[in-house]
Amino acid sequence: LARTVMMPVDDLDIRLEIPPDKHIIYIKKLHSIDNEPILLQEIYIPYHICPLLLEDYMRHSSLFDLFEKNYGIKITRVRNHIEITYLNLNESRLLNLTEGNPVILLTQHFYSGDTLIMYTRLIKRPDRFQFLIELERKLL
């Protein structure tokens, strides 16, 4: 739906741990199954991390592959936050639901070491999604 470079709005500079005068990369995607929209995804990346990302992203589908292969960035930690939120008018139109409809909001912070690489915001239809969270502890 969108791919651009922009200045951070609202609290994105805080979420991305960057100064408010630094640019960010913004990608907005709508995922569907059988032509039914099920997931609205917004991706925010500090521009200085990978300034050519938008050009490279046109040729690849996986941001994680791009981070690792093109930029030498390995995601080592992800922080997830799950909550219920309510659709605004624009989101409801994209997901073909009623404005104010409750949905699942998943926000994620992706880190490489201590450096925040990406912040994502995913709105999921509650009638089409389940969560499976599996944790594994490696024994040393």
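The values are calculated or read from the model by the stated rules, or taken from the named source; none is laboratory data. Fair warning: this is a prediction, and the values are worked out from it, not measured in the lab. Positions of Cβ are backbone-derived with ideal geometry, glycine not excepted, and every protein chain shown enters the neighbour counts. Note: accessible area is taken over every heavy atom of the protein model, side chains too, but ligands, DNA and RNA are not part of it. Shrake-Rupley method; radii C 1.70, N 1.55, O 1.52, S 1.80 Å.
Would segment 69-80 turn up any residue that is loosely packed, with under 11 Cβ neighbours inside 10 Å, at pLDDT 85 or above and on the phi > 0 side of the Ramachandran plot? The answer is yes; a qualifying residue exists. Screening GLU91 against (1) within 14 Å of ILE45 (Cα to Cα); (2) over 12 Å from the mean Cα position of the chain (by Cα) leaves a single unmet condition, (1). Being closer than 20 Å to THR115 by Cβ and among the acidic types (Asp, Glu) holds for only one residue in ASP34, ASP11, and it is ASP11. Selection of segment 1-43 for residues being in contact with a helix residue (DSSP H, G or I) (Cβ under 6 Å, 6 or more places away or on another chain), in contact (Cβ under 8 Å) with a residue 40 or more places away in the chain and buried (at least 16 other Cβ atoms within 10 Å of the Cβ) yields PRO37, LEU40. The single condition from (1) of a type in the set (Ser, Thr, Tyr); (2) open to solvent by less than 60 Å² (accessible area, probe 1.4 Å); (3) touching a residue at least 40 places away in the same chain (Cβ under 8 Å) that SER62 fails is (3). Among the residues of segment 76-104, those identified as closer than 21 Å to ALA2 by Cα and free of Cβ contacts under 8 Å to residues at least 24 places away in the same chain are ASN88, LEU89, ASN90, SER92, ARG93. Based on this model, can you work out whether ARG93 counts as open to solvent by 80 Å² or more (accessible area, probe 1.4 Å), of a type outside the set (Asp, Glu) and part of a strand (DSSP E or B)? It is false that ARG93 is open to solvent by 80 Å² or more (accessible area, probe 1.4 Å), of a type outside the set (Asp, Glu) and part of a strand (DSSP E or B). Entry remark, segment 105-125: residues being more than 20 Å from LEU12 (Cα to Cα) and free of Cβ contacts under 8 Å to residues at least 40 places away in the same chain number 1 in total.
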